[in-house]
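What follows is a set of notes on a single structure, which appears directly below.
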Amino acid sequence: MDFESPDVMKDFPGLYASDIHKTKSNDPEYSDDAEKVTKKDILIGKRKDKKDKKDKERGYAALEGESSAEESYEVSPSKSKKSKSFKFPTKSKEKREKSREKDKEFTEKKKEKDKRTEKKIEKDKEKCKVEKKEKKVKSEDWCDIAEVLPIFGVNLKLAIEHGRCHDGIDLPVPVRACIEYVEDHGLTFENVYKVSGPKSKVLHLKKLYNQREHVNLSDYDVPTVTSLLKMFLRDLPEPVFTADLLIRFEEAGAILNVAVREKHLKILVGNLPETNRLLLSWITVHLYNVTLNERLNKMSPQNIALCLSSTLQTSQRLLSSLLFHCPALFPNTVLEHYVYPLTSSSQLPDDPELMEQELLKQESLLAQIHSEMNVGFISKQREELLWEVQRIITQLKRKLKTANKDRELLFEKIDEQHVEETTENEGERSATPTISSEAEAPPSQSAECVEEPTTVEMEVTTEIAAPVSDTNLSDSSSCEKHSVKDAEPVEVTPSAPENKLLNNALAILQIKNTFLNNLKESFLKQIEQERAEITTLEAQLSQKDYIPFYGDTNSVSLDEIMDLLQKENQILQIKKINLVRQIMEQQEECIDLKTKIDACTKNVFLT
Amino acid sequence: MSKKPVTQPALHKVIMVGSGGVGKSALTLQFMYDEFVEDYEPTKADSYRKKILLDGEEVQIDILDTAGQEDYAAIRDNYFRSGEGFLCIFSITEDESFQATQDFREQILRVKNDENIPFLLVGNKCDLEERRKVTYQEASDRAKQWGVTYVETSAKTREHVDKVFFDLMREIRARKMEENKTNNGRGKDKNKRKKIKCVIL
């Protein structure tokens, strides 16, 4: 072959396996730097790592001192099969069988493999090839990613990077999932966070997360999930409060004066790195929510502090004060549910905004898959996933594009129509031509009104005028432009068939348009009426005003004036109510009209 | 490859490669949706899936439309690795794009490490005969040298668009059958022997 050996190796992992294994085996760390860890390195690493891993897990178990890790290791394949709704159903079983054989046949296989790649087309190729395939499946999707890019046990930044939530909230997926789960199912669970789950299950979950398997926490119980969260926090190399700030946090937490303590804690929280602050805020708010349910779950702030202070590598006092000041410290933290990026089996959203959101998620996911692949996390499943995500992105982009195109076309159409109709409507009210001037009209009217002498009635007008302009503005912005004054469905139909795609959208918009116009006109009339009312009322009022002014003498007593004014006010109140009611009625009428028109147009389109 | 449950139709993964602007996306979209997109918009990566009838057998084709621009070369390997067949596109109106096919070929061989990977050399834009810069002879010579087929297409007129995809899929299928055969005939495509070609290194 005329290719450089590293590349050959990359694609034929077994080729120089034995040699490399010897040389590399002293090399415990495979960093993910640019120096490019070839697939092969990883594969070899894996074989080794696998053993390491067993040891490691045993180590954890020893540390925790409960059930053995061996157990979790054994349990896992079948478990993972159950828990993941993904789509690699058969593999885990294979894997398990293989992993058993593996160690025995290890050296033997390698030799065979060497042979095979060197004499590629020999007859025993078949046999080897089968083996190669098996090996690939086994080694590639088994444990490497968990070793190279783990989520647990690395610093927070890396954990976020490795277990990214793709909706822009930078928390590691397991944290997010656990909090969400407990918020949904565990707040009333007695002694939540105090009771711990079976170690084997917790370790199994941890492993699933580290291996980027799909995890369905609802298959587990509250103690297991809380233990998993605790494990994540405990495994962080640095406390959430950061090594630098921890002492100052402790000092602040010990301040006796509540106000001073709060102030200090606030400042310190502000000094935390963004990622730490986010994690701390979520955890504190979540634990605070737990304590709010103290009656049901028996977990007072003190209890929580007792159970979690060591996990968070802090003192009980600090944790208690954080919980105490939680609402003040993290007023804006909302524990948003995390919606995973869609898979190909789910329906893509139709709303352009949702499409954009989903697109961002999928792109984030894609970037992660690429970066994981670049460090060697390569398997059939991952490649499948890569293509799938890519496909969803393509679909979303296409859908967005067509949506945008449709909209543009629609606007063009409406613009055309608009031009036609404005020419028809020439000479009518100046407010007609564009929506912007239309939309501005009501506010300007109300503004005029404000300039007029202030009376109780005045308030009424502004009150009424404001909603008018609001409706116009919001509704008109929803259909973006145009105001066709006499838009009747009949006018639409002849032009509509030109573009079948647009028929529905156009019809709906047109109906809306008509409806809006009716509404607007009625409101305008209303406003005119009201203004007329106002003037008359003002006239009345000013007449009445004259009385006290002219008859300043004692001819009319103050009491009388008061009486008059009160009566006047009563009348005005009643009128106001009447006006409001009238508006409501008119609106209802408009809605009726709209539905009628709707029905009409539908009929038209059907025929 | 033949990983999917038997009920699933066979899935063939095709990757479009070639310089920027030669018409990879245009060919893909023409094949997928029978549409020709006039305006040029560089692709980063796009993926499509379609169910088709290949010689009476229902199969699925996954098409990955890659970026021609070098900017995205980093992610290209990830895709190349999982590709089962490649359409290497150039524009007959642009000599540079033809020269670039050499690099693409090498890159693919490097990643796949397989001289016999299903591969078609495709000269696109053959409707623009008056602007031709790459002769048919030149291109088919190179194809011969590589041991692959050369086809000229037009995404605009749809000429040979289906042909390149179907030819490639037949190659992929033949390739898989051959592999299955060597794997003790475990494959499900066993009954379709007629297309098997002998491959001797």
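The values are calculated or read from the model by the stated rules, or taken from the named source; none is laboratory data. Keep in mind that what you see is a predicted model, and the values were worked out from it rather than measured. Neighbour counts run over all protein chains shown; Cβ positions are idealised from the backbone, glycine included. For accessibility, only protein heavy atoms count, side chains too; no ligands or nucleic acids. Shrake-Rupley method; radii C 1.70, N 1.55, O 1.52, S 1.80 Å.
Among the candidates A:VAL192, A:VAL173, single out the residue that is farther than 30 Å from A:ASN374 by Cβ and open to solvent by less than 60 Å² (accessible area, probe 1.4 Å). Spell out the reasoning first.
On the way: A:VAL173 fails: farther than 30 Å from A:ASN374 by Cβ.
Exactly one of A:VAL192, A:VAL173 is farther than 30 Å from A:ASN374 by Cβ and open to solvent by less than 60 Å² (accessible area, probe 1.4 Å), namely A:VAL192.
When you check A:ILE369 against the structure, is it assigned to a loop (DSSP other than H, G, I, E, B), within 14 Å of chain B (Cβ to nearest Cβ) and not charged (D, E, K, R), yes or no?
Considered against the rule, which asks whether it is assigned to a loop (DSSP other than H, G, I, E, B), within 14 Å of chain B (Cβ to nearest Cβ) and not charged (D, E, K, R), A:ILE369 comes out as no.
Can you find, within segment A:297-313, the residue that is farthest from A:ASP244 (Cα to Cα) among those that are open to solvent by less than 20 Å² (accessible area, probe 1.4 Å) and polar (S, T, N, Q)?
Per the stated criteria, the residue is A:ASN297.
Please verify whether A:VAL269 is touching a Gly at 6+ places or on another chain (Cβ under 6 Å), closer than 24 Å to A:ALA159 by Cβ and not assigned by the TED database to the domain that holds A:GLU383, treating the condition exactly as stated.
no
Working only within segment A:387-416, note down all residues that are more than 30 Å from A:SER364 (Cβ to Cβ) and either of a type in the set (Lys, Arg) or at pLDDT below 75 (or both).
A:LYS413
Which of the residues that make up segment A:379-394 are within 7 Å of another protein chain (Cβ to nearest Cβ) and open to solvent by 10 Å² or more (accessible area, probe 1.4 Å)?
Result: A:LYS380, A:GLU383, A:ARG391.
For segment A:278-293, which positions are crowded, with 19+ Cβ neighbours inside 10 Å and either among the polar types (S, T, N, Q) or more than 21 Å from A:ASN332 (Cα to Cα) (or both)?
Selection gives A:SER281, A:THR284, A:THR291.
One line per residue, one yes/no per condition, for (1) open to solvent by 10 Å² or more (accessible area, probe 1.4 Å); (2) more than 20 Å from A:HIS337 (Cβ to Cβ); (3) in contact with a His (Cβ under 8 Å, 6 or more places away or on another chain):
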| site | (1), (2), (3) |
| --- | --- |
| A:LEU217 | yes, no, no |
| A:LEU246 | yes, yes, no |
| A:LEU265 | no, yes, yes |
| A:PRO273 | yes, yes, no |
| A:ASN276 | yes, yes, no |
| A:ARG295 | yes, yes, no |
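Do any strands (runs of 3 or more DSSP E) entirely within segment B:15-118 hold 1 or more residues that are free of Cβ contacts under 8 Å to residues at least 24 places away in the same chain and surrounded by 17 or more Cβ atoms within 10 Å (Cβ to Cβ), and if so, which?
B:45-54
Scan A:ILE511, A:ILE571, A:ILE597, A:ILE561 and give me the residue that is touching a helix residue (DSSP H, G or I) at 6+ places or on another chain (Cβ under 7 Å), at pLDDT 80 or above and not hydroxyl-bearing (Ser, Thr, Tyr).
A:ILE561 is the lone residue from the list that is touching a helix residue (DSSP H, G or I) at 6+ places or on another chain (Cβ under 7 Å), at pLDDT 80 or above and not hydroxyl-bearing (Ser, Thr, Tyr).
Applying the selection to segment B:119-129, what residues are surrounded by fewer than 19 Cβ atoms within 10 Å (Cβ to Cβ) and either modelled with pLDDT of 95 or more or not in a helix (DSSP H, G or I) (or both)?
B:ASP127, B:LEU128
Can you run down the residue pairs with Cβ atoms below 7 Å, 6 or more apart or on separate chains, where the first is in segment A:174-198 and assigned by the TED database to the domain that holds A:ASP221 and the partner is open to solvent by 60 Å² or more (accessible area, probe 1.4 Å) and among the basic types (Lys, Arg)?
A:GLU190/A:LYS298; A:ASN191/A:LYS298
Suppose the filter is surrounded by fewer than 16 Cβ atoms within 10 Å (Cβ to Cβ), touching a residue at least 12 places away in the same chain (Cβ under 8 Å) and more than 14 Å from every other protein chain (Cβ to nearest Cβ); does B:ASP167 pass it?
Considered against the rule, which asks whether it is surrounded by fewer than 16 Cβ atoms within 10 Å (Cβ to Cβ), touching a residue at least 12 places away in the same chain (Cβ under 8 Å) and more than 14 Å from every other protein chain (Cβ to nearest Cβ), B:ASP167 comes out as no.
For (1) assigned to a loop (DSSP other than H, G, I, E, B); (2) modelled with pLDDT under 95, each residue gets a yes or a no:
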| residue | (1), (2) |
| --- | --- |
| A:TRP282 | no, no |
| A:LEU306 | no, yes |
| A:GLN313 | yes, yes |
| A:LEU322 | no, yes |
